[in-house]
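All of the numbers you see were taken from the coordinates with simple rules; none came from a lab. Just so you know, these numbers come straight off a predicted model, no measurement behind them. Please note: Cβ atoms are built from the backbone with ideal geometry, for glycine as well, and neighbour counts cover all protein chains shown.
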Amino acid sequence: MRKLVYYVGVSLDGRIAGPGGEFDFYPFGDEKQTAEYHTWMTKALPDTIPAAAREPFGLADTPLQRFDTVLMGRGSYEPGLAEGWVDPYAHLRQYVVSTTVPENPDAQVTLVRRDPVGLVRALKREDADKDIWLCGGGNLAGQLLPEIDELIIKSYPVVAGAGVSAFEGAFDPTVFAVTDRKTFDNGVVVSWLARR
């Protein structure tokens, strides 16, 4: 059975975005450090690069490696939508889980109004060899916590102070085990964790 993987960037205090949805406060370091980080990301997780950036990063014809499906909450989908990207991950099957997005913005995006847990369980049962990427946000991740099999957390060396938590919801301690970790010169630490 394929996995649901929550791959997300967080501040040191566990915020995936600021109070107004800001995500431009994450430090990337100098030009060399930024290049090192982006080179790693395009090689390690190329499926997570948005469609608009795939050609500039040399990924236009790259076959899918890890993921074939992406799930997004409204807060994860709307920043791209504001830039005119109605189909942000055209190379993946896309689901937006929201009760507040007024209409389906693109034929390639499936708008899901209710039962994200049921959706994930159905996707996991599919006969597919690729995993499902949970792109965010914190509300959706909180609802899907019982179904998350793996975490890939990019921890940036900054404290946000307030904003959107990586997981919203009730107190529900869920233990994961670190399976790998990579540190970059710009201070970013990427950790892979599997559900115990």
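Give the relative contact order (percent, whole number) for segment 78-196; include only Cα pairs under 8 Å separated by 6+ residues. Let's see the in-between values first.
Numbers: 134 pairs, mean separation 23.0, N = 119.
Reported relative contact order: 19 percent.
For the chain: lysine pairs with Cα atoms under 21 Å, gap of 8 or more or different chains, count?
11
Add +1 for every Lys or Arg and -1 for every Asp or Glu among the other residues with Cβ under 14 Å from the Cβ of Ala52, and state the total. Show your work: numbers first, answer last.
On the way: positive: Arg54; negative: Glu55, Glu83, Asp87, Asp106.
Combined, the nearby Lys, Arg, Asp and Glu give -3.
Treating the beta-carbon of each Lys and Arg as +1 and of each Asp and Glu as -1, no other charges, what is the dipole magnitude of segment 50-183 about its Cα centre, to the nearest 20 debye? Before the final figure, lay out each step's value.
Details: 13 positive and 19 negative charges, 50 e Å.
Result for segment 50-183 is approximately 240 debye, rounded to the nearest 20.
Under a 10 Å cutoff between Cα atoms, tell me which one of Val175, Val158, Val120 has the largest fluctuation in the Gaussian network model of the chain.
Greatest mean-square fluctuation among the candidates belongs to Val175.
Report the calculated FRET efficiency for Asp185 and Asp61 (r = Cβ-Cβ distance, R0 = 30 Å), to the nearest 0.05.
Values: r = 30 Å, r/R0 = 1.01.
Working from the Cβ atoms, E equals 0.50.
Which distance in Å, rounded to a whole number, links the C-alpha centroids of segment 162-194 and segment 18-73?
Here the answer is 18 Å between Cα centres.
So how compact is segment 146-187: Cα radius of gyration and Dmax in angstrom?
Final numbers for Rg and Dmax: 13.1, 36 Å.
Quickly estimate the mean residue ellipticity at 222 nm for the chain, helices only: each DSSP H run with n ≥ 4 gives -39500 (n - 2.57), and the total goes over all residues, rounded to 500.
On the way: 5 runs with 44 residues, N = 196.
My calculation for the chain gives -6500 deg cm²/dmol from helical runs alone.
I'd like to compare 29-38, 46-55: which one has the highest average count of other Cβ atoms within 10 Å, and what's the full order after that? Write out the running numbers ahead of the final one.
On the way: 29-38: 13.6, 46-55: 16.8.
With the highest mean Cβ count within 10 Å placed first, the list reads 46-55, 29-38.
Please compute, over every Cα-Cα pair in segment 1-111, the percentage with a separation greater than 19 angstrom.
On the way: 3256 of 6105 pairs.
Tail of P(r) above 19 Å: 53 percent of Cα pairs.
Hey, could you get me the Stokes-Einstein D for segment 56-127, Kirkwood radius over alpha-carbon pairs, 4 °C and 1.567 mPa s, rounded to whole µm² s⁻¹?
On the way: Rh = 13.3 Å.
My calculation gives 97 µm²/s for D.
For Gly9, which sequence-distant residues (separation of 5 or more, or a different chain) have an amide H within less than 5 Å of its own amide H, given hydrogens modelled in the peptide plane?
Lys154
From the backbone phi of segment 144-157, what are the Karplus-calculated ³J(HN,Hα) couplings (6.51 cos²θ - 1.76 cosθ + 1.60, θ = phi - 60°) in whole Hz, Gly and Pro given as x?
9, 3, x, 9, 6, 9, 8, 10, 10, 10, 8, 9, 9, x
Considering amide H positions built from the backbone, and no H for Pro or chain starts, which residues 5 or more places from Leu111, or on another chain, come under 5 Å of its amide H?
When sequence neighbours closer than 5 places are left aside, the close amide H contacts are Val96.
Would you calculate the separation in nanometres between label points at Val117 and Glu22, each defined as 7 Å from the Cα along the Cα-to-beta-carbon direction?
3.5
For segment 110-196, report the % of Cα-Cα distances exceeding 23 Å. Numbers along the way, then the final one.
Numbers: 1194 of 3741 pairs.
Within segment 110-196, distances greater than 23 Å cover 32 percent of Cα pairs.
So how compact is the chain: Cα radius of gyration and Dmax in angstrom?
16.1, 44
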